[in-house]
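Take a look at the structure below.
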Amino acid sequence: MVTRVTSVTSLGRNGLYDWLIQRVSAVVIGVYFIGMLAYLIAQPNLDYGTWKAFIGSVPMQIATTLLVLSVAAHTWVGLWGVTTDYLTSLTFGKSATGVRLVVQMVIALLLLVYVLWGLVTIWGGA
Amino acid sequence: MKVSIYRYNPDTDREPTMKEYDVDTQGKDLMVLDVLNLVKEMDPSLGFRRSCREGVCGSDGMNINGKNGLACITSLSSVAPGVKEGKKALVLRPLPGLPVVRDLVVDMTMFYNQYEKVQPYLQNSTPAPAIERLQSPEERAKLDGLYECILCACCSTSCPSFWWNPDKFLGPAALLQGYRFLADSRDNATEERLARLDDPFSLFRCHGIMNCVSVCPKGLNPTRAIGHIRSMLLERGI
């Protein structure tokens, strides 16, 4: 009898979905940082006003929002893999499920805080 | 030459130990299995598996100076520089990650359970033809590099993803065999086979580090087969 492997805590509860999210978010993060690097190289005498106008423009607000969401999704898929590799019954015996669940929930809540904090910073208009 | 061998008898030993032997190879470039046979003459209590002694049966997979391989087709000179000359010890351990039955003999149950999960046999729901299901030479060629696997477990036991989740991640050997039947033109259970592989563990625990490729004694490439399955899953899922 072969039982199907399932998991309720992975991002999409599906390996293909998680794999795709990991790749797409990596591309978003990569493009953002290359773009940011190009801008910083092109602006050797950057001052506060120019920077604020650039980072506060709507296209950059959208791009930075995508970045924050991508970092959160990428981190979750990656750390979910780490927790399910190392926080198992091989290392923690019977308490493994509890340990893994607590660590995963702490990571999830932290990421949620980072996303909300990021959105407030990007769109708060301060 | 110095030979250091992992010894463990669960009935009498509290924990495994490495036992040193001094073996006279007369300077010959013996296979590791030949050296083991010489040790066995000195110490009949040593346990290891072997059968065909020519790399066909897959019985004598073990960890040789840190790298998995078949003892019968691994020559001393290919283990590491200085081993053949006796300047460096030959270090033999059981395949990593599987329970040790005794000395170099491991319990392969977890490995076979994963092999069973991919249903490694032809499945075809259409009526069988009078003589046989024919394949074109091109269709047959797709099975090259897949059917040659001898299930020695060198690949799966060199894979960290298999070490940490041997009950959930199929491992390179089973996935290679999974693709062998996905790629077979005579098999039409493709959808059912793929549907069993799209969870976060069975296939997607492969992170492509290619330990399996570097140790396979038959020169096969499980990472490429896993990539092909992933492409099939992508086409099916998008």
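Is the range A:74-81 home to any residue that is out of contact with any Pro (no Cβ under 7 Å at 6 or more places or on another chain), on the phi > 0 side of the Ramachandran plot and more than 10 Å from chain B (Cβ to nearest Cβ)?
If we filter the range A:74-81 for residues that are out of contact with any Pro (no Cβ under 7 Å at 6 or more places or on another chain), which is where we start, we get A:74-81.
Narrowing further to those that are on the phi > 0 side of the Ramachandran plot: none.
No, because not a single residue in the range A:74-81 is out of contact with any Pro (no Cβ under 7 Å at 6 or more places or on another chain), on the phi > 0 side of the Ramachandran plot and more than 10 Å from chain B (Cβ to nearest Cβ).
Any idea which residue in the range B:101-111 is farthest from the chain's Cα centre (by Cα), counting only those that are surrounded by fewer than 19 Cβ atoms within 10 Å (Cβ to Cβ) and among the β-branched types (Val, Ile, Thr)?
Looking at residues that are surrounded by fewer than 19 Cβ atoms within 10 Å (Cβ to Cβ) and among the β-branched types (Val, Ile, Thr), I get B:VAL101.
Residues in the range B:167-186: is at least one surrounded by fewer than 19 Cβ atoms within 10 Å (Cβ to Cβ) and within 13 Å of another protein chain (Cβ to nearest Cβ)?
Yes: the range B:167-186 contains one or more residues that are surrounded by fewer than 19 Cβ atoms within 10 Å (Cβ to Cβ) and within 13 Å of another protein chain (Cβ to nearest Cβ).
Please go through the range A:29-46 and pick out each residue that is part of a helix (DSSP H, G or I) and surrounded by 12 or more Cβ atoms within 10 Å (Cβ to Cβ).
A:ILE29, A:VAL31, A:TYR32, A:GLY35, A:MET36, A:TYR39
Name the residues in the range B:136-182 that are over 26 Å from B:ASP107 (Cα atoms) and among the small types (Gly, Ala, Ser), would you?
Once the filter is applied, which keeps residues that are over 26 Å from B:ASP107 (Cα atoms) and among the small types (Gly, Ala, Ser), the range B:136-182 yields B:SER136, B:ALA141, B:GLY145.
How many residues, within the range B:1-26, are assigned to a loop (DSSP other than H, G, I, E, B) and surrounded by 11 or more Cβ atoms within 10 Å (Cβ to Cβ)?
Of the residues in the range B:1-26, 8 are assigned to a loop (DSSP other than H, G, I, E, B) and surrounded by 11 or more Cβ atoms within 10 Å (Cβ to Cβ).
Of the residues that make up the range B:67-82, is at least one touching a residue at least 12 places away in the same chain (Cβ under 8 Å), charged (D, E, K, R) and part of a strand (DSSP E or B)? Spell out how you get there, then give the answer.
Step one: filter the range B:67-82 for residues touching a residue at least 12 places away in the same chain (Cβ under 8 Å), giving B:67-77, B:79-80.
Checking the rest, the ones that are also charged (D, E, K, R) come to B:67.
Next cut, part of a strand (DSSP E or B) only: B:67.
Yes; the residues of the range B:67-82 include at least one that is touching a residue at least 12 places away in the same chain (Cβ under 8 Å), charged (D, E, K, R) and part of a strand (DSSP E or B).
Sort out which residues of the range B:225-237 are in contact with a helix residue (DSSP H, G or I) (Cβ under 8 Å, 6 or more places away or on another chain) and more than 10 Å from chain A (Cβ to nearest Cβ), and write them in order of number.
Selection gives B:ALA225, B:ILE226, B:HIS228, B:ILE229, B:MET232.
How many of the residues in the range A:57-81 are surrounded by 14 or more Cβ atoms within 10 Å (Cβ to Cβ) and either without any contact (Cβ under 8 Å) to a residue 40 or more places away in the chain or basic (Lys, Arg) (or both)?
7
Keeping to the range A:4-28, report how many residues are surrounded by fewer than 17 Cβ atoms within 10 Å (Cβ to Cβ) and more than 14 Å from chain B (Cβ to nearest Cβ).
Of the residues in that region, 1 qualify.
How do the pairs read when you match residues in the range B:92-116 that are more than 18 Å from B:PRO160 (Cα to Cα) with residues anywhere that are among the charged types (D, E, K, R), using Cβ under 7 Å and keeping only pairs 6 or more apart or on different chains?
If the second residue must be among the charged types (D, E, K, R), the pairs left are B:VAL101/B:ASP107; B:ASP103/B:ARG7; B:VAL105/B:ARG49.
Looking at the range A:47-61, can you tell me whether even one residue there is of a type in the set (S, T, N, Q), facing another protein chain (nearest Cβ under 10 Å) and assigned to a helix (DSSP H, G or I)?
Within the range A:47-61, not a single residue is of a type in the set (S, T, N, Q), facing another protein chain (nearest Cβ under 10 Å) and assigned to a helix (DSSP H, G or I).
Would you check if there is a residue in the range A:92-109 being closer than 24 Å to A:LEU20 by Cβ and hydrophobic (A, V, I, L, M, F, W, C)?
Yes, the conditions are met somewhere in the range A:92-109.
Against the definition (hydrophobic (A, V, I, L, M, F, W, C), without any contact (Cβ under 8 Å) to a residue 24 or more places away in the chain and either in contact with a strand residue (DSSP E or B) (Cβ under 9 Å, 6 or more places away or on another chain) or away from every other protein chain (no Cβ under 12 Å) (or both)), how does B:ILE150 come out, yes or no?
no
Answer yes if at least one residue in the range B:81-98 is out of contact with any Asp or Glu (no Cβ under 7 Å at 6 or more places or on another chain) and within 14 Å of another protein chain (Cβ to nearest Cβ), and no otherwise.
Scanning the range B:81-98, I find at least one residue that is out of contact with any Asp or Glu (no Cβ under 7 Å at 6 or more places or on another chain) and within 14 Å of another protein chain (Cβ to nearest Cβ), so the answer is yes.
Would you call B:SER202 crowded, with 23+ Cβ neighbours inside 10 Å, hydroxyl-bearing (Ser, Thr, Tyr), closer than 24 Å to A:ILE21 by Cβ and within 14 Å of chain A (Cβ to nearest Cβ)? Before you say what the answer is, go through the steps one by one.
Details: crowded, with 23+ Cβ neighbours inside 10 Å: yes; hydroxyl-bearing (Ser, Thr, Tyr): yes; closer than 24 Å to A:ILE21 by Cβ: yes; within 14 Å of chain A (Cβ to nearest Cβ): yes.
Yes; evaluated as a whole, the condition is true for this residue.
Read the figures in this text as sums done on the coordinates, not as results from a lab. Not measured: the values here are computed from a predicted model. So basically every Cβ, Gly included, is an ideal-geometry build from the backbone, and we count neighbours across all protein chains shown.
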